Amino acid sequence: MRRSIVSLLALCAVAHAFQQGVASAVSEREKDVYSIYSLMLTNPQTSHGADNNERYLIRMFTAPTSPQEPCVRPPTEREADFQEMRTDYEQRKATPRQLKPEFSISKPYVLLSVDQAETFIESRMPKPGHQPPIERFQGVTDLFTLSDVYFSKRGTLALTGISTFCGGLCGLFQWKVFEKLESGQWEERRWITCTAIANPATRPKFYRKAGSGDPEKFVRFGKTVASFVESTPNQVARVAPY
């Protein structure tokens, strides 16, 4: 009887230690997620030039960015790590993350509910006649949507995305890859091969990656301006609409 009690106590101790280990891993992963989000929201790029938002409006729930298929070209030696991220993405992309106010950024920000985000979008769509501005959106140009963060098995490589909406054909959609350094800091890797950009002054165009025998097609809005080219590590070819 005494031996059974000792064995039971030992099992309870092991289970407790295991639960603590799992909780610690989850806590570290959450810390990494918000470190990456904070990097993306530090001087973020927009479709209309420099960020001029007095504060950031961020959707409370994450969503994959565009295109739905992550356009990433890792170095050959990192292909295995990328495939692990890709697997994590495929398994979890349909499940949105509810964001928490845990960003470490210099500007104030507000997390918008689904209804509040829809109100912002509606307020930026063209309407006949004069429409009074909505006070809560004064001083704000963009609505930001973040993707969830998808990791390699070791948790040192991460895939995510960010998009901005500023009304009508006005927005920017970007995939991002980050790597965790030995210092514990995250650093962006320039492995992305496409960016979707919209500009209300131009008509939709199709763009595709250059230098490929069987190039993928991506819808692009606007012109191949300097900021667009600089955001992609590979050359981007402008082609006639298909």
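The values are calculated or read from the model by the stated rules, or taken from the named source; none is laboratory data. Just so it is clear, the structure is predicted and the values come from calculations on it, not from any experiment. Note: ideal-geometry Cβ built from the backbone for every residue, glycine included; neighbour counts use all protein chains shown.
Selection within segment 130-157: residues that are among the charged types (D, E, K, R) and at pLDDT 95 or above. The member of this set that is surrounded by the most Cβ atoms within 10 Å (Cβ to Cβ) is D142. Checking each residue in segment 54-70 for being within 19 Å of G161 (Cβ to Cβ) and either of a type in the set (S, T, N, Q) or part of a loop (DSSP other than H, G, I, E, B) (or both) picks out M60, T62, A63, P64, T65, S66, P67, Q68, E69, P70.
In this structure, T160 qualifies as closer than 19 Å to P74 by Cα, in contact with a helix residue (DSSP H, G or I) (Cβ under 9 Å, 6 or more places away or on another chain), among the hydroxyl-bearing types (S, T, Y) and surrounded by 23 or more Cβ atoms within 10 Å (Cβ to Cβ). Answer with yes or no whether F221 is aromatic (F, W, Y) and modelled with pLDDT of 50 or more. In short, no. For segment 71-125, residues that are closer than 16 Å to Y56 by Cα and in a loop (DSSP other than H, G, I, E, B) total 12.
The set of residues in segment 126-155 that are within 16 Å of Y56 (Cα to Cα), assigned to a strand (DSSP E or B) and of a type outside the set (S, T, N, Q) comprises L143, F144, L146. Could you please let me know if T119 is among the polar types (S, T, N, Q) and under 18 Å from the mean Cα position of the chain (by Cα)? No. Listed by first and then second residue, the pairs with beta-carbon distance under 9 Å, at least 6 apart or on different chains, first residue in segment 118-133 and hydroxyl-bearing (S, T, Y), second surrounded by 10 or more Cβ atoms within 10 Å (Cβ to Cβ) and part of a loop (DSSP other than H, G, I, E, B), are T119/I134; S123/Q131; S123/I134; S123/G167. You will find that of E77, E54, E84, the residue that is among the acidic types (D, E), more than 20 Å from C194 (Cβ to Cβ) and surrounded by 11 or more Cβ atoms within 10 Å (Cβ to Cβ) is E84 and no other.
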